[in-house]
Amino acid sequence: MIFGERPTRSGVLEVAHLERALGVHYQKIGRLDEAEPLLRRAVDAMEAALGPESADVAAASHQLAVLMASNGQVAEAEGWYRRALAIRRRVLGDGHPAVAATLHNLAVLCESLGRSEEAHQLWAEAGASFTRNTGGATKHDDPES
C-alpha cells in the first residue's frame with residue numbers, strides 16, 4: 001500500500017486478525033487493559049469488511065465477551081456472548097463446537113450471576129450441540145472456552 005491510499009479489504013482483515021490475536025495474547029498474559037481496545041477494533045474492522053453475519057465477527061465477539069467477563073464487566077460480557085451465539089447459530093449451525101463453547105461460557109456467566117435455571121438450560125443446549133457434533137464422544141478441546 002502506498003501512503004495515502006485506502007487499505008484493501010484483505011489488508012483490513014489481515015490487520016483485524018492480527019489485532020484479535022494480539023488481544024488474545026495480552027488477555028492470556030494478564031494485560032487486560034491493552035487487550036480490550038485491540039479486540040474492539042478487531043470486531044469493528046471485521047464487521048466493516050465482512051458484514052455482521054460472519055464467523056470471524058462471532059469469534060472476535062466471543063473473545064471480547066471472555067475478556068469482559070474476566071474483567072468483571074458481566075453485563076457487557078453477556079451482550080457480547082449473546083451476539084456471538086446468535087451469529088454462530090445462523091452462520092455455523094447449532095451442531096458446531098463454537099456454538100457449544102459460547103453456550104457453555106454464557107451458562108458459566110449466568111451461574112455466576114445466580115441465574116442457575118437459565119445456566120442449566122444453556123448447559124443442556126451446549127451438551128446437545130456437542131453431542132450432535134461429536135456423536136457422543138467425550139473429548140472436547142476448544143481454545144475459546
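Structure notes:
- Per-region count, the stretch 107-141, residues closer than 22 Å to Leu67 by Cα, of a type in the set (D, E, K, R) and either modelled with pLDDT under 95 or not in a loop (DSSP other than H, G, I, E, B) (or both): 3
- Flag for Glu144 being modelled with pLDDT under 95, crowded, with 16+ Cβ neighbours inside 10 Å, out of contact with any Phe, Trp or Tyr (no Cβ under 7 Å at 6 or more places or on another chain) and under 20 Å from Asp44 (Cβ atoms): yes
The values are calculated or read from the model by the stated rules, or taken from the named source; none is laboratory data. Given the structure is predicted, the values throughout are model-derived calculations rather than measurements. Glycine also receives a Cβ, built like all others from the backbone with ideal geometry; neighbour counts cover every protein chain displayed.
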